[in-house]
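Enquirer: Below you will find the structure I want to go over with you.
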Amino acid sequence: MKTTWNLVTVSAATAMLAACSHTVTQREVVHEQPVVQPQVVERVTVVQPPPVMQEPVPAVTAMPYPSARWVPGYWNWSGNEWVWVKGRWY
């Protein structure tokens, strides 16, 4: 009976040890690089001068009020062509 009991104990211990297994796994760490967005820099270089002024200065008698000052017109580059901005009283 004692031999049977020892055999059962050894068998149970073997079964328990067999169930307790240890597996070593290696983790792979992935570091993703951030996506670098391209930067677009747009520079406009105007290679031609604006045309000559088109607008004469109006007579002083046409002032809308006594402290008004005449701001003359000018050529303004609009991105693809010169555009005349007319003068005004200020």
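Rule-based calculations on the coordinates, nothing more; no lab input. Remember, predicted model here, so these are calculated numbers, not experimental data. When we count neighbours, we look across all protein chains shown, and the Cβ atoms used for this are built from the backbone with ideal geometry, even at glycine.
Enquirer: Taking 0.36 nm per intervening residue step and subtracting the Cα-Cα distance, what contour gain separates Val52 from Tyr74 on full extension? Before the final figure, lay out each step's value.
Expert: Details: separation 22, 0.36 × 22 = 7.92 nm, distance 0.93 nm.
In short, 7.0 nm is gained.
Enquirer: So what J values fall out for the range 68-76 if you push phi through Karplus, 6.51 cos²θ - 1.76 cosθ + 1.60 with θ = phi - 60°, rounded to Hz, Gly and Pro as x?
Expert: Couplings: 5, 10, 7, 9, x, x, 7, 8, 10 Hz.
Enquirer: Which order do the peptides 39-46, 67-74 come out in when sorted by mean C-beta neighbours inside 10 angstrom, highest first? Mind dumping the intermediate values first?
Expert: Working: 39-46: 5.2, 67-74: 12.0.
Most protected by this proxy first, the peptides run 67-74, 39-46.
Enquirer: HN-Hα J couplings of the range 42-49 from phi, Karplus 6.51/-1.76/1.60, θ = phi - 60°, integer Hz, Gly and Pro as x?
Expert: 9, 10, 9, 10, 8, 9, 10, x
Enquirer: What order do you get for Lys86, Lys2 when you list them from fewest to most C-beta neighbours inside 10 Å?
Expert: Lys2, Lys86
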